[in-house]
Every structure is written in structure tokens, then in C-alpha cells.
Amino acid sequence: MLFDAHTHLNFGEFSDEERKTLAAEIEESSLEYIIDVGDCVASSKQAIADAEAYEWCYAAVGIHPEHASVATDEDIEQIKELSSHPKVKAIGEIGLDFYYGKDNQPEQIELFRKQIRLANELRMPIMIHTRDANQLTMDILVEEGAFSEERKKWFPKKVLADGSEAADPRVQLHCFSGSKELAMEYVKLGAMISLGGPITFKNGRKAAEVAQTIPADYLLSETDAPYLTPEPFRGRQNKSQYVEYVVRRMAVLKNEEYDHMAEVTMRNGCRFFNIEE
Ligand SMILES: [Zn+2]
């Protein structure tokens with residue numbers, strides 16, 4: 001009973017045969033659902049093809065900031081068309097990456113804004129990638145209404161562990177790499193913090209602190225496979241079923257039983273992406 005809230009089974013370098021092998025491995029594992037995330041029009045199409053092939057696979061469609069210099073309005077129009085597929089559950093991954101892309105920041109910002117507006121128009125969850133642009137990412141999300149009262153009305157409230165209810169504007173910070181203070185600011189806005197392999201790394205103290213600090217009601221589990229492989233497999237290619245090691249580490253950090261943590265992250269994932277548990 002595990003949920004991978006961000007993975008790339010659609011990865012362009014996988015052959016059809018490799019993809020089938022990976023899918024067969026997932027079917028043998030305790031993984032229940034994955035969100036197969038596109039980063040351009042082509043990979044978004046592949047994510048939908050995967051979702052059509054496998055019951056346990058759902059898709060997110062969007063254009064990653066690394067493609068900001070080449071992405072056109074037509075591409076965004078295509079993402080809009082793809083998003084109408086019933087197994088597409090979010091717009092993503094979208095955002096800012098100033099680690100790789102230093103020269104095209106204006107294009108990244110424009111592409112990001114346009115895709116938040118698209119998610120608002122479509123009333124869909126938003127999946128964020130951000131690197132070396134923490135404050136600007138939050139500012140743009142706020143400016144574009146990603147946490148607006150209006151947006152909060154579109155989605156059912158979530159019931160927290162203590163029985164109270166909270167609005168959920170359906171914004172996921174994928175592989176969150178900011179501080180625990182920033183994570184708490186996002187939690188106050190209603191965002192979900194998605195954590196992966198780095199919480200298992202020896203040098204992953206910051207991510208581990210985030211896991212310890214934020215309430216479990218705001219946590220999602222992910223792999224970002226084939227990247228960011230968790231320990232004890234670090235150095236090899238990541239696979240969605242390794243989300244188990246992320247959830248095991250989360251359980252240790254939060255002083256909870258593994259089964260409980262698996263259940264919570266599963267429930268959070270199903271609710272966030274509107275998938276029947
Ligand atoms: Zn990713």
C-alpha cells in the first residue's frame with residue numbers, strides 16, 4: 001500500500017521493452033499507484049499512454065522549466081488538450097530551475113505563469129519543480145492565485161489527523177529542497193510537501209528536518225525515478241517501488257510505524273490527485 005506521487009515511467013530514454021519490465025516489477029511490488037509526470041509535450045503523451053496501459057498509473061502533463069527557451073504557446077495549447085484525458089490528474093511538472101537555467105529566467109517565469117493560469121482555468125492540481133528559486137516560486141504562485149480563496153473552493157476540504165478540516169488548494173511541491181521554515185510557510189498556504197530519496201541521504205539533513213517538522217497531513221511520498229535513488233540503492237537507477245525506502249525513512253523521522261506512514265501517504269496521495277483509494 002504505497003503511493004509514488006512523482007515519477008517518470010515515461011522517461012524518453014527507456015525503450016518500450018524496458019518500460020514493460022519496470023511496469024511488471026511495479027505490479028509485483030506493494031506499490032498501489034504512481035503519478036507518471038511529463039516534462040514536455042512528448043513525455044506528457046507517453047505518460048498518458050502509460051496510464052492507458054496500466055490501471056495503477058495516472059498522469060501529470062506539463063512543460064518543465066528546462067524547456068522554457070523552446071516552449072511555444074502551441075505547446076501549452078497541446079498540454080491543455082492532453083489534460084482533458086480522464087487519467088490526467090495534475091498540471092506538472094512546472095516551475096523554475098535557476099540551477100541549470102541561468103540565461104533564460106524571463107522565459108521560465110513566463111512559462112510558469114502561463115501554466116499556473118492553465119491549471120486555474122482547468123481547476124486542476126499543480127505539481128511544482130523548483131530549484132535555486134525558492135522565494136520567487138512562492139511569490140509567483142501567490143500572485144497567480146494558486147492559493148487563492150477562490151481556488152480553495154474548487155476542491156473538497158481535507159480532514160486532518162485531529163479531526164479538524166483544512167482547505168486544500170492542491171499545490172504539490174515536488175522533491176521539496178527548501179528549509180523547514182519555508183516548508184511551514186507552504187503548509188500555512190495549504191500546499192503539500194512531497195519528499196523523496198534525499199531524506200534517506202547522509203547529507204540529506206535539511207530534507208529530513210522538513211519531514212520531521214511538517215504535519216503528516218501535508219506529506220506526499222515520491223521517487224522522481226529514474227533520478228534521486230534512495231539509500232540503500234543510491235548510485236543505481238531509481239525505481240518507483242523504492243518509494244518504500246522513502247516511506248520507511250519518513251516513519252523513522254516521524255517516530256511512527258512504517259505501516260501507519262504508508263497508510264497516511266497513500267491516503268494523502270489518493271485525496272490530492274482525486275483517485276479512489
Ligand atoms: Zn521529476
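Below are the figures for this structure:
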read-out: Among 213, 265, 223, residue whose mean-square fluctuation peaks in a GNM of the chain (springs only between Cα atoms under 10 Å); value: 213
read-out: Gained length - residue 259 relative to residue 276, 0.36 nm times residue gap less alpha-carbon distance; value: 4.2 nm
read-out: For the chain: accessible area per residue (Å², 1.4 Å); value: 44
read-out: Net charge of neighbours whose Cβ lies under 11 Å from the Cβ of residue 10, counting Lys and Arg as +1 and Asp and Glu as -1; value: -2
read-out: Value of relative contact order over the chain, rounded to a whole percent, pairs C-alpha under 8 Å and six or more apart; value: 17
read-out: Student exercise, segment 169-209 dipole from Lys, Arg, Asp, Glu Cβ charges, in Debye to nearest 20; value: 100
read-out: Fraction of accessible area attributable to carbon and sulfur, the chain (%, probe 1.4 Å); value: 47
read-out: Hydrodynamic radius (Kirkwood) for segment 2-272, which is based on Cα pairs only, to one decimal in Å; value: 18.3
read-out: Listed residues 11, 233, 176, most fluctuating in the chain (Gaussian network, C-alpha, under 10 Å); value: 233
read-out: Listed pairs 87/157; 153/180; 87/153; 152/188; 89/206; 45/87 exceeding 18 Å between Cα atoms; value: 87/157; 153/180; 87/153; 89/206
read-out: Reduced Cα scattering model of segment 1-157, Debye log10 I(q)/I(0), q = 0.17, 0.20, 0.21 Å⁻¹; value: -0.99, -1.24, -1.32
read-out: Modelled FRET efficiency - R0 51 Å, residue 103 with residue 55, Cβ distances, 0.05 increments; value: 0.75
read-out: Cα pair distances in segment 144-222, grouped into 10 Å bins until the bin that holds the longest one, percent each; value: 19, 48, 27, 6, 0
read-out: Extension gain (nm, one decimal) between residue 25 and residue 202, 0.36 nm per residue minus Cα-Cα; value: 61.0 nm
read-out: Value of D in µm² per second that Stokes-Einstein yields for segment 145-277, Kirkwood Rh from Cα pairs, at 10 °C (1.306 mPa s); value: 106
read-out: Cβ-defined net charge surrounding residue 138, 14 Å radius [Lys, Arg +1; Asp, Glu -1]; value: -3
read-out: ³J(HN,Hα), Karplus 6.51/-1.76/1.60, whole Hz, each residue of segment 154-165, x for Gly, Pro; value: 6, 10, x, 5, 9, 8, 7, 4, 8, x, 7, 10
read-out: Segment residue 81-residue 69, length gained on full extension (0.36 nm per residue, minus Cα span); value: 2.2 nm
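The values are calculated or read from the model by the stated rules, or taken from the named source; none is laboratory data. Values in this document were obtained by computation on a predicted structure and should not be read as measured data. Backbone-built Cβ (ideal geometry, glycine too); neighbour counts: all protein chains shown. We work out accessible area using only protein heavy atoms, side chains counted, and drop any ligands, DNA or RNA first. Shrake-Rupley method; radii C 1.70, N 1.55, O 1.52, S 1.80 Å.
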